[in-house]
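Asker: Below is the structure I would like to discuss, written out as structure tokens.
The values are calculated or read from the model by the stated rules, or taken from the named source; none is laboratory data. All values reported here derive from a predicted model rather than from experimental measurement. Cβ coordinates were reconstructed from backbone atoms using ideal geometry, including for glycine residues, and neighbour counts include every protein chain displayed. Ligands, DNA and RNA are excluded from the accessible area calculation, which covers all protein heavy atoms including side chains. Shrake-Rupley method; radii C 1.70, N 1.55, O 1.52, S 1.80 Å.
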Amino acid sequence: MTDAPPVAALTLSRLGALPGLDPAWSRTVRTVDPDGVSRSWHVLDNRVEPRHGTMICVHGNPTWSYLWRRFIAVAPAGWRVVAVDQLGMGLSERLTTPRTLPERIDDLGRVVEALRVRGPVVIAAHDWGGIISLGWALAHRDQLVGVVLTNTGVAVPADSAPPALIRLARSPLLRNAVCVRTPTFVRTTTALSRPALPRDLQHALAAPYPDAARRGSVGDFVADIPLAPDHPSRPALDAVAEGVKSLDVPVLMLWGPRDPVFSERYLRDLLERMPHADVHRYANASHLVTEDAPETAEHAWDWVADHVPAPVATPEPVEPTTGGDRPPMPWAALTDRAQDPSTAVVELGPDGRRTISFAELEQTVRDLAAGMSEGGLRVGDRVALLVPPGIDLTAALYACWRVGAVVVVADAGLGLRSMGRALRGAGPDWVIGIPRALAAAAALRIPGRRIAVGPFSRAGLQLLRAEYSLERLASLGRGRDLPAGPVDDSDSAILFTSGATGPAKGVVYRLDQLRAQLDQIRTLCGLTTEDTMVAAFAPFALYGPALGIGAAVPDMDVTAPGTLTAPALAEAALAVGASVVFASPAALRNVLATARELTEPQRAALGRVRLVMSFGAPVPLSLLRAVQQLMPAAEVHTPYGMTEVLPVADISRPEIEEAGPGNGVCVGRALPDVSIALSPLSPGGVADGALTDQPGVTGEILVAAAHVKDRYDRLWATERASSRTAGWHRTGDVGHLDDQDRLWVEGRLVHVLTTASGALTPVGVEQRVEELDRVRAAAVVGVGPVGTQQVVVVVVPALGSARSGVLADPELTAAVRSVAQAPVTAVLTTDALPVDIRHASKVDRARVARWADRVLSGQRPGRP
């Protein structure tokens with residue numbers, strides 16, 4: 001910026017009313033800079049007596065203090081909040097010369113002093129405000145008690161170039177044109193959100209920058225980004241980047257992963273410097289994360305309540321009594337059978353059959369683990385496994401565990417886009433994949449060094465941008481000692497949920513929790529070394545060696561359970577003489593649909609199965625009866641659980657018959673060392689009641705057990721909500737216990753209808769409606785405002801084709817109302833209900849609700 005005459009002050013009153021901004025917060029503060037020049041600052045200040053502390057909020061470029069209005073609006077009692085407009089920005093005094101990073105850090109200290117901020121301070125910062133506020137924090141450690149960062153960075157990560165947007169804007173000619181003479185840079189920042197921010201918010205964020213005279217510092221900020229080693233601000237940047245490694249206060253990072261400027265590489269860099277930080281990623285948020293995800297303000301204050309100045313005292317967590325010795329390490333059974341020539345894994349596929357013995361698998365795992373360690377894989381590294389179930393995946397998984405790595409597993413059934421988003425969020429250090437998976441990982445911008453599955457030449461590896469193949473790593477590790485491996489409470493796995501009720505969440509298991517889970521499965525199934533299994537349900541394709549039993553992976557796409565045929569299941573059973581079958585309801589449906597294709601030897605193989613376990617979704621009794629006919633010697637069970645804690649409860653077909661019809665799906669009694677409680681629902685559908693195990697009380701289902709997940713990965717607010725009751729995991733399912741301690745699941749908490757007469761759970765109504773001869777399937781949804789929702793039943797007629805999106809005929813409507821035991825407003829028909837991709841059996845009620853709303857409002861809805 002060249003010397004220019006002073007620019008007249010711009011006041012809040014001249015901007016007019018801005019959404020969410022209380023004019024009473026606006027004030028002006030004067031400071032004196034080191035040259036003795038008086039400066040005028042604009043700040044937003046709630047002027048509360050800071051009994052607990054002060055939050056200082058610092059914006060970046062080209063925003064202003066308005067960015068923090070929600071943080072002020074929802075601040076708890078006793079917290080003062082001050083959001084500054086940096087000099088030259090917002091409504092603060094315009095500058096005639098540029099400001100460097102060290103000067104801006106000094107400026108912040110001077111205005112904090114002028115505001116008479118004393119005592120505990122939490123800083124909150126965004127964009128370039130991050131480096132400035134952290135610079136202040138390092139100089140005022142005696143005051144600092146917490147840090148909240150949103151999409152910022154303290155250094156350009158070593159493995160990446162500076163953002164293209166910034167590189168372009170730094171060209172002097174372009175910078176002046178884009179940042180100063182025109183509002184391009186300002187408007188581009190507010191346009192990064194998808195969906196776009198409302199126009200009034202875009203206007204408010206850009207309001208202090210209406211002309212070139214008021215945009216000078218926008219360009220100066222860009223020019224002051226010290227990308228070159230000899231830049232005047234580089235020493236200050238490097239000092240902050242190094243200094244934050246020693247920050248020992250709580251840190252929270254609220255992140256928009258769709259940011260093209262501060263991408264997730266910056267998040268990973270910050271976590272390497274501050275590994276103790278909590279993280280919450282808002283899957284659809286971009287650069288302006290506080291605008292794209294308004295809940296960031298409440299999440300930040302929730303976090304402050306938990307961490308500043310010290311965690312709130314809570315009761316000791318419930319500790320389930322497991323008794324006896326601790327469960328063995330996941331690889332212990334494999335090690336015990338290191339000399340065993342019997343079959344460990346059989347992999348059946350279109351290209352034939354592959355088999356590996358326990359002895360061969362143990363040696364392969366040892367070689368791979370040693371080779372991985374030699375190749376640079378370390379304890380705590382995250383390794384994404386993009387390999388179909390079978391021998392290669394099994395060997396890679398157990399080798400990773402032996403090294404002490406954290407395996408990251410996201411089901412391809414999520415779809416490429418959702419899987420890519422999930423894996424980017426997990427931030428793997430390594431990716432192990434088959435060729436097409438590595439190609440997809442590159443297209444999806446999944447980070448991490450690459451390891452290819454398959455025999456490849458050096459040129460082939462270069463083509464895939466892979467450093468190693470599994471074959472090469474095994475060769476590298478042959479004859480070498482195993483690495484030290486993990487400690488008992490280290491992270492061991494990040495398993496992503498199905499995404500059936502929102503974006504897939506990464507569920508973190510520590511090693512001891514994983515061991516407890518395997519012990520529960522072993523006990524539940526009564527497994528001995530005489531057993532063998534067919535793993536047609538994705539998680540169990542990995543667990544055979546850990547359970548100490550041989551396993552066959554059938555010829556199917558495990559991510560699409562409906563591809564399992566009866567002959568494929570029978571051939572897998574024949575391959576290992578299977579006594580146990582793990583399969584999802586969708587897989588079993590197709591098995592029954594193709595049972596007529598079985599040969600006599602195949603039928604005989606299925607006839608020798610002693611146990612069928614069907615996980616993943618509720619299983620209709622009619623399906624269980626049909627499975628029992630196909631496998632007459634088997635006990636058929638449907639355990640209840642979820643990615644966060646599996647298994648929780650169990651029930652067999654005869655026990656379901658004994659329980660009879662009820663309000664929901666009976667999933668049986670809690671397993672040993674598992675506790676179940678209910679948090680009763682309020683009339684508004686909120687699970688806020690005191691915990692109870694009394695029969696007949698409907699509420700959110702809570703579980704306590706040794707094998708409950710450790711946390712959600714980089715979803716701090718989601719984790720806090722799920723574990724806010726100390727010692728318990730809130731499942732998000734609703735249900736009740738009966739007088740025989742059996743659990744009945746009535747649906748998901750997010751699907752509870754809030755009618756004028758109170759909360760209504762959907763599953764019981766759906767079950768009663770589906771008993772009608774004219775109905776093949778039903779979904780119950782609420783339409784309208786919370787608290788006065790109308791009950792709408794959407795049915796798929798049993799006979800003939802249905803016109804989608806029309807009211808049911810009077811006879812069917814009357815029949816539905818007669819059995820529903822609920823105030824049904826409307827009955828709609830469709831030819832099919834949408835289900836989630838992964839399970840092919842869980843109805844997407846949120847989608848049905850949106851569709852029903854369109855139908856009833858007279859729009860052309862299409863199909864749900």
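Asker: Which shape class applies to the range 475-560: rounded if a/c is under 1.5, otherwise prolate when a/b exceeds b/c and oblate if not, where a ≥ b ≥ c are the square roots of the Cα gyration tensor eigenvalues?
Answerer: Working: a/c = 1.42, a/b = 1.11, b/c = 1.27.
Rounded is the answer for the range 475-560, as its axis ratio a/c remains below 1.5.
Asker: Another question about this same structure. Between Ser38 and Val487, what length comes free when the chain is fully extended (0.36 nm per residue of separation minus the Cα-Cα distance, one decimal in nm)?
Answerer: 155.9 nm
Asker: Keeping every protein chain present and rolling a 1.4 Å probe, give me the accessible area per residue for the range 663-758 in Å².
Answerer: For the range 663-758, the per-residue accessible area is 36 Å².
Asker: Measuring from centroid to centroid over Cα atoms, what is the spacing of the range 53-109 and the range 484-516 in Å?
Answerer: Taking the Cα centre of each part, the range 53-109 and the range 484-516 sit 39 Å apart.
Asker: So which GluC sites (Glu not before Pro) in the range 524-599 pass both tests, a DSSP loop state and at most 13 other Cβ atoms within 10 Å of the Cβ?
Answerer: Passing sites in the range 524-599 are Glu530.
Asker: Considering only DSSP states other than H, G, I, E and B, which trypsin sites (Lys or Arg not before Pro) in the range 476-549 qualify as loop sites with at most 10 other Cβ atoms within 10 Å?
Answerer: Counting only loop positions with at most 10 other Cβ atoms within 10 Å, none of the trypsin sites (Lys or Arg not before Pro) in the range 476-549 qualifies.
Asker: Tell me which lysines have Cα within less than 24 Å of Lys709's Cα, excluding those fewer than 8 residues away on the same chain?
Answerer: Lys505, Lys842
Asker: Considering the options Leu247, Leu227, Ala206, tell which one lies farthest towards the positive end of the dipole of the range 205-271, charges being +1 on Lys and Arg and -1 on Asp and Glu at the Cβ, about the Cα centre.
Answerer: The one lying farthest along the dipole's positive direction is Ala206.
Asker: By its C-alpha gyration tensor, with a ≥ b ≥ c as the square roots of the eigenvalues, how is the range 247-303 shaped: rounded for a/c under 1.5, else prolate for a/b larger than b/c, else oblate?
Answerer: Judged from the Cα gyration tensor, the range 247-303 comes out oblate (a/c at least 1.5, b/c at or above a/b).
Asker: Which one of Pro102, Pro561, Pro62 has its Cα pushed farthest toward the positive end of the charge dipole of the chain, where Lys and Arg give +1 and Asp and Glu give -1 at the Cβ?
Answerer: Working it through, the farthest residue towards the positive pole turns out to be Pro62.
Asker: Taking the Cβ of Val84 as the center, what net charge do the other residues with Cβ under 15 Å away carry, scoring Lys and Arg +1 and Asp and Glu -1?
Answerer: +1
Asker: May I ask you to give the percent of accessible area on the chain that is carbon plus sulfur, with a probe radius of 1.4 Å? Show your work: numbers first, answer last.
Answerer: Working: 18160 of 34700 Å².
Accessible surface attributable to carbon and sulfur in the chain totals 52 percent.
Asker: Which trypsin sites (Lys or Arg not before Pro) in the range 710-776 sit in a loop by DSSP (not H, G, I, E or B) and have at most 13 other Cβ atoms within 10 Å of their own Cβ?
Answerer: Arg724
Asker: For Ala575, what is the net charge nearby, where nearby means another residue's Cβ is under 14 Å from its Cβ and Lys, Arg count +1, Asp, Glu -1? Show your work: numbers first, answer last.
Answerer: Numbers: positive: Arg353, Arg354, Arg608; negative: Glu347, Asp555, Glu571.
Neighbour charge sum, excluding Ala575 itself: 0.
Asker: Enter the angle in degrees (range 0 to 90, nearest 10) between the Cα long axis of helix 511-525 and the first principal axis of the Cα atoms of the chain, meaning the one along which they spread out most.
Answerer: 20 degrees
Asker: Something else now. Does the range 502-625 classify as rounded, prolate or oblate by the C-alpha gyration tensor (a ≥ b ≥ c root eigenvalues; a/c under 1.5 gives rounded; else a/b over b/c gives prolate, otherwise oblate)? Please report the intermediate quantities before stating the final value.
Answerer: Working: a/c = 1.95, a/b = 1.33, b/c = 1.47.
Oblate is the answer for the range 502-625, as a/c is 1.5 or above yet b/c matches or exceeds a/b.
Asker: Under a plain spin-label model, where a point goes 7 Å from the Cα along Cα-to-Cβ, how far apart in nm are Glu530 and Ser622?
Answerer: 3.8 nm
Asker: Suppose the chain between Ser171 and Arg30 were pulled fully straight at 0.36 nm per residue; how much longer would it get relative to their current alpha carbon spacing?
Answerer: 47.4 nm
Asker: Just to confirm the number: angle between the C-alpha axis of helix 296-307 and the first principal axis of the chain, 0 to 90 degrees, nearest 10?
Answerer: It is inclined by approximately 80 degrees.
Asker: OK, next. If we count every other residue with Cβ under 14 angstrom of Met253's Cβ, Lys/Arg +1 and Asp/Glu -1, where does the sum land?
Answerer: -3
Asker: Hey, another quick one. Read through the labelled values (i) 44; (ii) 36; (iii) 59 and report the label of the one computed as percent of Cα pairs over 45 Å apart from the structure.
Answerer: Answer label, from the structure shown: (ii).
Asker: How far apart, in nm, are two points set 7 Å out from the Cα along the Cα-to-Cβ line at Arg141 and at Ala604?
Answerer: 7.6 nm
Asker: Percentage of Cα-Cα pair distances in the range 162-287 greater than 26 Å, rounded to whole percent?
Answerer: 34 percent
Asker: I've got another one for you. On a 0 to 90 degree scale, rounded to 10, what angle separates helix 621-630 from the longest Cα axis of the chain?
Answerer: The helix 621-630 is inclined about 50 degrees to the chain.
Asker: Then there's this: Under 8 Å for C-alpha pairs, at least 6 residues apart: give me the relative contact order for the chain, rounded to a whole percent.
Answerer: Numbers: 1893 pairs, mean separation 64.8, N = 864.
Rounded, it is 8 percent for the chain.
Asker: Could you calculate the FRET efficiency of His203 with Ala359 from 1/(1 + (r/R0)^6), where r is the beta carbon distance between them and R0 is 60 Å, rounded to 0.05?
Answerer: Efficiency computed from Cβ-Cβ geometry: 0.30.
Asker: Heavy atoms only, probe 1.4 angstrom, no DNA, RNA or ligands counted: give me Leu772, Leu95 ranked by accessible area, highest first.
Answerer: Output order, biggest surface exposure first: Leu772, Leu95.
Asker: How far is it, in nm, from the label point at Ala726 to the one at Arg458 when both lie 7 Å from their Cα along the line to the Cβ?
Answerer: 6.0 nm
Asker: What does the helix-only formula give at 222 nm for the chain: each DSSP H stretch with n ≥ 4 adding -39500 (n - 2.57), the total divided by the residues, and the result rounded to the nearest 500 deg cm²/dmol?
Answerer: It lands at -9000 deg cm²/dmol.
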